[in-house]
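Novice: Here's a structure for you.
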Amino acid sequence: MMKKLLYALLLSLPSIFAFGQADDEVLMKVDNRPVTVGEFRYIYEKNNGKEANYSEKSIREYLDLYSRFKLKVARARTLKLDTIQSLNDELNGYKRQLANSYLTDREIMDHLLKQLQERQKEDVQFSHILISAPDKAADSVKQAALARIQTIKKEIEMGKAFEAAAKEYSDDKGTAVNGGDLGYFTAMLPEGFYEVENALYSLPFNKISEPIKSKLGYHLIKVVGKRPSRGIISVAHILIKNIDKSDEPKMKIEDAHKQLMAGADFGKIAAQFSEDKQTAQNGGYLPAFGINTYDTVFEDAAFALKADGEISKPIHTKAGWHIIKRVKKMDAKEDFVSFKKMYEPRIKKDERFNIAKKRLVEDIKKASGYSQNEAVFNKFASTLNEEFLSFKWTPDLNADGMRDKLISFGGDTHHTVADFASFCKKNTKSRLKYDKNATAVKEVATALLMEFSDEKAIDYEQKLLEVKYPDFKALMREYEEGILLFEATKRAVWDRANQDTVGLAAYHHKYQDNYKTEEKGSLVTYTVKTTDAKEAEKVAKMAMKKDPQEVLKKFNKNSQMVSFVEETLEKQNPRFANMTWQLNYQSPVVKAESGEGFIFSRISQIQPVRNKTLKEARGYVVADYQDYLEKEWMKELMAAYKIEVIDVVLKKMVK
């Protein structure tokens, strides 16, 4: 549990350190191992947060804590704990997990979030031509759609107007009549349209895109306008519906507008006039919205209002006549932390995440000089048969050619045929999803080689994270030293405190006065079931002199009139609050709260304070013994290892 807590703390604390020019200066040496300004600044800011004020007092206090941490790490290295295979395996496991998460967050997620945040600063007006070919359509349908849209593009390049082509060919009949005009949109577009979004924010004005695939089919895109983002707006409205071609709706809305201009309350006028039953009784309030939510005329009028509280003139839409009141205008968020919190969950589920990850892999391969030996692959593939597509297949890793290099990164990182064969064996699910035929065997092997090379590309990039990102290097140092610290402390303190029975007993004996029981008393509470107060007093009088069993024997001859409960309670218990703390003190007889009979209580025994046995106090003794061992261990470490603080460097850090 303690180990899990250590790792959880390491994961949960964000890196907030920006590495500066003087970060490589040595601030301190512990056992002659340098601690740089950058290392110390990282851990100081990370663990002090807003309290990291860089006063000399604050720096020295934390430097003292950090030097003690480093002493324990030094002892771990002296004991060669950093060579223990199980600990190294554990570190490598955490490193892989963290590197994958870090790579995803830094090189994919942050990129996508910043891209989206930047895009949301603009609304883009565009036209399109769509040739339908849904994702679930047959390959032949998709190929035919692609060929058709390529033909249309050629016609446009030869002089045909885009708008005319849209009217003639587009399968989006709703926009075809308008020459393909879709109006203004802003990022992020719905799932399945990320490539369309990319075109909107990268195409020059009036340039026709190459065919773009979405979940609906293939598009040709033309950007025709851009404007600063309208953001999000919250409004209230009053609606008079178009019932017929009469002037009555217009007259009603004008009457409502006159009253508003005369100072009438918008909510009351909405309740009186509005025919939008869902909002009329709620002040006319609509949920906050961005562009492409309502009728264009309605949106234009809403976003044209300049100030919160401003009211529009009557406007006419397909739904009828409206009056709009601006409630609040929210522009695109500039705060990246808030923006990330809002959009990160959506991006993780969106196609853009997988597309960006795929592009990252492609970039890694290109930057690393990735190479693939086709001759070696073909030789391996030629040895495969239909059994490769079954559970039975097991590669002979000692066969001829298994040690041949299949793929390479950076000129010095190679993976052999044997590595690939082992990967194929583990990925049985991928092998089994194809039909068992000779043609499919090489196709499956080729697909698996792509998966294998993508995985190894990510692995390759992860190894470079410590070089590319100093904060990742610092985080990995924390993990490594945290594991060493844990193991060294476990051996020197935690295990010893629990296993050294002789030492624990000796410690308890020496400090036994620190572990005392609470003063307690035995409380006998009598219940007398009678309506006669005098009879209850007789019971109480006898209870002062006799033990409970004799009292019961005396008064319960003909009925169970008297009963008692005996409890041992600490002196601080509220049951003793109105009693004098002395042996044989008896409370007055009072009516029971239930209204049936009477009750009184007597202190029959007082147990004085005494020292607890080791068994009784074990948990407390072990905790204190651990603290004692920790302090003694630290004294030993301070004597065994030298700590040197470079004062002139420390003073330069003071602000």
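Novice: Inspect the stretch 430-443 for any residue being of a type in the set (Val, Ile, Thr) and modelled with pLDDT under 90 and give the result as yes or no.
Specialist: Step one: of the stretch 430-443, the residues of a type in the set (Val, Ile, Thr) are 439, 441.
With the extra rule that they be modelled with pLDDT under 90, the set shrinks to 439, 441.
Yes, the conditions are met somewhere in the stretch 430-443.
Novice: Does any residue of the stretch 153-162 turn out to be in a helix (DSSP H, G or I), touching a residue at least 12 places away in the same chain (Cβ under 8 Å) and within 30 Å of residue 362 (Cα to Cα)? It would help to see each step written out before you state the result.
Specialist: Start the filter on the stretch 153-162 by keeping residues that are in a helix (DSSP H, G or I), which leaves 153-157, 162.
Subsequent filtering for residues that are touching a residue at least 12 places away in the same chain (Cβ under 8 Å) retains 153, 156-157, 162.
This time we only want the ones that are within 30 Å of residue 362 (Cα to Cα), so: 153.
Yes; the residues of the stretch 153-162 include at least one that is in a helix (DSSP H, G or I), touching a residue at least 12 places away in the same chain (Cβ under 8 Å) and within 30 Å of residue 362 (Cα to Cα).
So that you can scan it fast, the table gives a plain yes or no per residue for (1) of a type in the set (S, T, N, Q); (2) in contact with a strand residue (DSSP E or B) (Cβ under 9 Å, 6 or more places away or on another chain):
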| site | (1), (2) |
| --- | --- |
| 132 | yes, yes |
| 155 | no, no |
| 199 | no, yes |
| 217 | no, yes |
| 233 | no, yes |
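Novice: Checking the structure you have, find out if any residue of the stretch 593-604 is among the β-branched types (Val, Ile, Thr) and either over 30 Å from residue 499 (Cβ atoms) or surrounded by fewer than 16 Cβ atoms within 10 Å (Cβ to Cβ) (or both). Spell out how you get there, then give the answer.
Specialist: Of the residues in the stretch 593-604, the ones among the β-branched types (Val, Ile, Thr) are 599, 603.
Subset that is either over 30 Å from residue 499 (Cβ atoms) or surrounded by fewer than 16 Cβ atoms within 10 Å (Cβ to Cβ) (or both): 599, 603.
Within the stretch 593-604 (the criterion being among the β-branched types (Val, Ile, Thr) and either over 30 Å from residue 499 (Cβ atoms) or surrounded by fewer than 16 Cβ atoms within 10 Å (Cβ to Cβ) (or both)), the answer is yes, since at least one residue qualifies.
Novice: Tell me, which helices (runs of 4 or more DSSP H) wholly within the stretch 32-134 include 1 or more residues that are in contact with a helix residue (DSSP H, G or I) (Cβ under 9 Å, 6 or more places away or on another chain) and at pLDDT 90 or above?
Specialist: Working: elements: 37-48, 56-78, 85-103, 110-119.
By residue number, 37-48, 56-78, 110-119.
Novice: Still on this structure, please answer the following. Pull out all pairs, ordered by first then second residue, where Cβ-Cβ is under 6 Å, the residues are six or more apart or on different chains, the first lies in the stretch 637-655 and is in contact (Cβ under 8 Å) with a residue 12 or more places away in the chain, and the second is outside any strand (DSSP E or B) and surrounded by fewer than 13 Cβ atoms within 10 Å (Cβ to Cβ).
Specialist: Short answer, once both residue conditions are applied: 654/56.
Novice: Of all the residues that make up the stretch 633-654, how many are outside any helix (DSSP H, G or I) and either touching a Cys at 6+ places or on another chain (Cβ under 7 Å) or more than 10 Å from residue 27 (Cα to Cα) (or both)? Lay out the reasoning, then the answer.
Specialist: Pass one, the stretch 633-654, residues outside any helix (DSSP H, G or I): 641-646, 654.
Add one more test, that the residue is either touching a Cys at 6+ places or on another chain (Cβ under 7 Å) or more than 10 Å from residue 27 (Cα to Cα) (or both), and what stays is 641-643, 654.
Residues flagged as outside any helix (DSSP H, G or I) and either touching a Cys at 6+ places or on another chain (Cβ under 7 Å) or more than 10 Å from residue 27 (Cα to Cα) (or both) within the stretch 633-654 amount to 4.
Yes or no, residue by residue, for (1) within 30 Å of residue 43 (Cβ to Cβ); (2) among the polar types (S, T, N, Q):
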position	(1), (2)
422	no, yes
441	no, no
448	no, no
456	no, no
471	yes, no
479	yes, no
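Novice: Quickly run through the stretch 561-592 and pick out the residues that are assigned to a loop (DSSP other than H, G, I, E, B) and among the aromatic types (Phe, Trp, Tyr).
Specialist: If the condition is that a residue be assigned to a loop (DSSP other than H, G, I, E, B) and among the aromatic types (Phe, Trp, Tyr), then 581, 585 are the ones that fit.
Novice: Taking interchain pairs and intrachain pairs at least six residues apart, which have beta carbon atoms under 6 angstrom, with the first residue in the stretch 260-275 and over 18 Å from residue 243 (Cα atoms) and the second part of a helix (DSSP H, G or I) and of a type in the set (S, T, N, Q)?
Specialist: These pairs meet every condition: 269/259; 271/281.
Novice: Same structure again: Taking the stretch 311-341 as the region of interest, how many residues are surrounded by fewer than 12 Cβ atoms within 10 Å (Cβ to Cβ) and either among the acidic types (Asp, Glu) or closer than 18 Å to residue 230 by Cβ (or both)?
Specialist: Count: 4.
Novice: Right, here's the next one. Within the stretch 241-265, can you find the residues that are surrounded by 10 or more Cβ atoms within 10 Å (Cβ to Cβ), in a loop (DSSP other than H, G, I, E, B) and either of a type in the set (Phe, Trp, Tyr) or within 51 Å of the chain's Cα centre (by Cα) (or both)?
Specialist: The answer is 242, 264, 265.
Novice: Let me ask another. Looking only at the stretch 140-151, decide whether some residue is more than 23 Å from residue 228 (Cβ to Cβ), touching a strand residue (DSSP E or B) at 6+ places or on another chain (Cβ under 6 Å), surrounded by 14 or more Cβ atoms within 10 Å (Cβ to Cβ) and of a type in the set (Gly, Ala, Ser). It would help to see each step written out before you state the result.
Specialist: Taking the stretch 140-151 as the starting set, the residues that turn out to be more than 23 Å from residue 228 (Cβ to Cβ) are 140-151.
Filter once more, so that each one left must be touching a strand residue (DSSP E or B) at 6+ places or on another chain (Cβ under 6 Å): 145-146, 148-149.
Okay, now just the ones that are also surrounded by 14 or more Cβ atoms within 10 Å (Cβ to Cβ), so 145-146, 148-149.
Going one step further and asking which of them are of a type in the set (Gly, Ala, Ser), we end up with 145.
Yes: the stretch 140-151 contains one or more residues that are more than 23 Å from residue 228 (Cβ to Cβ), touching a strand residue (DSSP E or B) at 6+ places or on another chain (Cβ under 6 Å), surrounded by 14 or more Cβ atoms within 10 Å (Cβ to Cβ) and of a type in the set (Gly, Ala, Ser).
Novice: Could you please find all residues in the stretch 183-202 being more than 32 Å from the chain's Cα centre (by Cα) and buried (at least 18 other Cβ atoms within 10 Å of the Cβ)? Before you say what the answer is, go through the steps one by one.
Specialist: Taking the stretch 183-202 first, the residues more than 32 Å from the chain's Cα centre (by Cα) are 183-184.
Once the filter is applied, which keeps residues that are more than 32 Å from the chain's Cα centre (by Cα) and buried (at least 18 other Cβ atoms within 10 Å of the Cβ), the stretch 183-202 yields only 184.
Novice: I'm told residue 601 meets every condition in (1) farther than 25 Å from residue 520 by Cα; (2) modelled with pLDDT of 95 or more; (3) polar (S, T, N, Q) except one. Can you identify the failing condition by its number?
Specialist: Tallying (1) farther than 25 Å from residue 520 by Cα; (2) modelled with pLDDT of 95 or more; (3) polar (S, T, N, Q), residue 601 fails exactly one: (1).
Novice: Still on this structure: If I filter the stretch 591-600 for residues that are over 60 Å from the mean Cα position of the chain (by Cα) and under 22 Å from residue 528 (Cβ atoms), do I get at least one hit? Give the derivation first.
Specialist: The initial filter retains those residues of the stretch 591-600 that are over 60 Å from the mean Cα position of the chain (by Cα), namely 597-598.
With the extra rule that they be under 22 Å from residue 528 (Cβ atoms), the set shrinks to 597-598.
Yes, the stretch 591-600 contains a residue that is over 60 Å from the mean Cα position of the chain (by Cα) and under 22 Å from residue 528 (Cβ atoms).
Novice: Same structure, new question: Only one residue in 582, 626, 586 is surrounded by 14 or more Cβ atoms within 10 Å (Cβ to Cβ), of a type in the set (S, T, N, Q) and not assigned by TED's automatic domain parsing to the domain that holds residue 505, so which one is that?
Specialist: Working: 582 fails: surrounded by 14 or more Cβ atoms within 10 Å (Cβ to Cβ); 626 fails: not assigned by TED's automatic domain parsing to the domain that holds residue 505.
Answer to the selection: 586.
The values are calculated or read from the model by the stated rules, or taken from the named source; none is laboratory data. Fair warning: this is a prediction, and the values are worked out from it, not measured in the lab. Here the Cβ is made from the backbone with ideal geometry for all residues, glycine too, and neighbour counts use every protein chain on show.
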